[in-house]
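Throughout, read-outs are computed from the coordinates displayed, never taken from laboratory work. No experiment lies behind these values; they were computed from the predicted model shown. Backbone-built Cβ (ideal geometry, glycine too); neighbour counts: all protein chains shown.
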Amino acid sequence: MLEVTTDWYLTLAAILFSIGFFGMMIRKNALIMFMCIELMLNAVNLTFIAASKHFGQIDGQIAVFFVLVVAAAEVVVGLAIIVSIFRKQSSASVDVLNVSRG
Amino acid sequence: MFELLIFFLPASLLIIGALIVVFAKNPVHNAMGLVMTLVSLAIIYITLNATFVAMVQMLVYAGAVMTLFLFVIMMIGVDKKEQTSDSIKGQTFLVSGVFLILMSLLAYVAVNSEFSWNLWFPAVEYVVEGTPQLIAGTLFTTWIFPFEIISILLIVATAAAIALAYDSKIRNKDA
């Protein structure tokens, strides 16, 4: 009888992180890259929750809250930057963004 | 048997959703893949006794953050052609190679290694249920200072988003 242990969750989180990293590397659309960052952040959250259960401590779940808030703030600012860049260059591809002066 | 099912069903949905995020061409499909990933992650959180975090995950991620993503997709359009050529020569090939090596290493460690998380760090016997009461009790005592700082971060992020997305040209034309 196989038992679901903490290792399995950690492996799943590692796979999710790798997929997010891979997407971050191969995609050019800034929006999709943001989604891949979300994938990586969620992989880290999964490790926090798994460790929280493993060690019987609630602090891991509180760390997840902070990651969640930082991710939300990051998405808000990042998407605002994408929108304002799109107004100037009418493209969301990161390859055309070689100017970062205001 | 049920325990295995409740792990592998959300886990496979999670990986399928993540692959949709990476490989779909239409940004709306990518966003839907991300929703799939986040919802299956919330299910996994519930199986890990983190019920409140699962709820917050659904509200904040699958609700608010995804709405924001879809809103921006709506603003900048979905039909824009993504440039597919590599800006660095052989970039995609190189990254795929590195990715495959990493994944095979990971598979080797997961299947074949002597390392067992349980052996090195023994699991506790009792179960901690992530109820709102327990989380609030720790969050507002031990973690109160980071909590206050995070509120400043949110205000700064809101102000920054307004300042960045504000278009003075359009604004002045209307007025």
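Among the residues here, B:V156 does not qualify as more than 24 Å from A:I82 (Cα to Cα) and surrounded by 11 or more Cβ atoms within 10 Å (Cβ to Cβ).
A:E74 satisfies every condition listed in (1) more than 7 Å from chain B (Cβ to nearest Cβ); (2) without any contact (Cβ under 8 Å) to a residue 24 or more places away in the chain; (3) among the charged types (D, E, K, R) except (2).
Residue under question is A:L10, and the condition is that it be surrounded by fewer than 23 Cβ atoms within 10 Å (Cβ to Cβ) and more than 7 Å from chain B (Cβ to nearest Cβ); does it hold?
Spelling it out, it is not the case that A:L10 is surrounded by fewer than 23 Cβ atoms within 10 Å (Cβ to Cβ) and more than 7 Å from chain B (Cβ to nearest Cβ).
Which members of the stretch A:49-73 meet the condition of being over 30 Å from B:L164 (Cα atoms) and not in a loop (DSSP other than H, G, I, E, B)? Residues satisfying the conditions are A:I49, A:A50, A:A51, A:S52, A:K53, A:H54, A:F55, A:D59, A:G60, A:Q61, A:I62.
Among the residues of the stretch A:36-51, is any aliphatic (A, V, I, L, M), crowded, with 19+ Cβ neighbours inside 10 Å and in contact with a Ser or Thr (Cβ under 7 Å, 6 or more places away or on another chain)? Yes, the conditions are met somewhere in the stretch A:36-51. Within the stretch B:125-135, none of the residues are over 19 Å from B:M55 (Cα atoms) and part of a helix (DSSP H, G or I). A:I85 fulfils the conditions (1) in a helix (DSSP H, G or I); (2) facing chain B (nearest Cβ under 7 Å); (3) over 12 Å from the mean Cα position of the chain (by Cα) except for a single criterion, (2). Scanning the stretch B:26-65 for residues that are part of a loop (DSSP other than H, G, I, E, B) and more than 10 Å from chain A (Cβ to nearest Cβ) yields a single hit, B:N26.
Among the residues of the stretch A:1-44, just one is touching a residue at least 40 places away in the same chain (Cβ under 8 Å) and of a type in the set (K, R), namely A:K28.
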